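Written out below as structure tokens is the structure these notes cover.
The values are calculated or read from the model by the stated rules, or taken from the named source; none is laboratory data. Keep in mind the model is a prediction, meaning the values are calculated, not measured. With ideal geometry, Cβ positions are generated from the backbone for all residues, glycine too; neighbour counts draw on all protein chains shown.
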Amino acid sequence: MRLAAFLLAMLIACSTPAVAQAPIINNIVGQASLAVPVSPGMPVLVNGTNLAGGSSDCPGPVVPFVCGSVSVTMNGQPVPVRFAVPTQLNTYVPADQPTGSVTVVVKNHQGLNSAPFTVTVEQYVPGIQRLSDAATNLLGFFTDSSQRAISRTNPASAGQEVTMYAVGLGPTNPKVAAGQVGVAPTASMPIVWVGTGRSPYCRRDSAAD
């Protein structure tokens with residue numbers, strides 16, 4: 001009799017569906033700077049728990065608003081979701097987002113919404129994109145004229161022209177929607193310093209993704 005009761009208890013426990021858990025946002029930072037504030041059009045990382053049910057990658061050329069059954073809104077406006085894992089999402093601030101406080105809400109794979117999370121948006125938040133570097137930590141993303149990444153094994157030399165990949169340089173003209181592939185110049189010319197000297201030449205193009 002005890003064995004039958006034990007087996008019945010096990011069957012009940014195994015058949016009980018998992019309790020749905022709401023997503024929790026811990027912080028939101030710029031993908032390049034890993035800090036706040038963020039700026040219009042910038043790719044950002046949403047860090048937290050219960051954000052997604054697994055790992056989903058949703059590349060362009062047009063990044064979708066739903067990735068792995070996960071969606072994000074900023075001030076009620078849907079935004080593209082580039083990838084989703086249980087503890088992190090990659091999404092974008094809308095290119096036309098006004099500056100100020102922005103409320104972010106995540107809807108996870110179970111259809112539950114997070115509590116609203118507030119992040120500050122500013123017009124200019126320059127940050128250099130990064131590449132992983134096995135030797136130490138992270139390197140800024142620069143390429144030479146042959147489109148080879150500048151690294152410790154392929155260092156830049158004095159007088160060499162290099163391309164820098166950065167975000168948060170302000171609006172483009174024309175605008176490129178966040179999460180879409182496109183090329184447009186920034187509305188204003190950024191100033192670049194190399195070491196203690198100002199770069200003598202700078203051509204700016206913006207490619208959104």
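Do we have any residue at all in segment 4-15 that's modelled with pLDDT of 90 or more and either in a strand (DSSP E or B) or over 12 Å from the mean Cα position of the chain (by Cα) (or both)?
The answer is no, given that none of the residues of segment 4-15 is modelled with pLDDT of 90 or more and either in a strand (DSSP E or B) or over 12 Å from the mean Cα position of the chain (by Cα) (or both).
Mind checking which residues of segment 46-98 are free of Cβ contacts under 8 Å to residues at least 40 places away in the same chain and hydroxyl-bearing (Ser, Thr, Tyr)?
THR49, SER55, SER56, SER71, THR73, listed by residue number.
If we keep just the residues of segment 22-35 that are at pLDDT 95 or above and in a loop (DSSP other than H, G, I, E, B), which is surrounded by the most Cβ atoms within 10 Å (Cβ to Cβ)?
PRO23
Note down all Cβ pairs under 6 Å where the first residue falls in segment 146-173 and is closer than 25 Å to GLN31 by Cβ, the second is of a type in the set (Val, Ile, Thr) and part of a strand (DSSP E or B), and they're at least six residues apart or on different chains.
ALA149/THR143; THR163/THR143; ALA166/ILE128; LEU169/THR186; GLY170/THR186; THR172/THR186
So which strands (runs of 3 or more DSSP E) are wholly in segment 97-187 and hold at least 2 residues that are within 21 Å of the chain's Cα centre (by Cα) and closer than 27 Å to PRO86 by Cα?
Once the strands (runs of 3 or more DSSP E) in segment 97-187 are filtered for at least 2 residues that are within 21 Å of the chain's Cα centre (by Cα) and closer than 27 Å to PRO86 by Cα, what remains is 100-107, 117-121, 130-132, 138-140.
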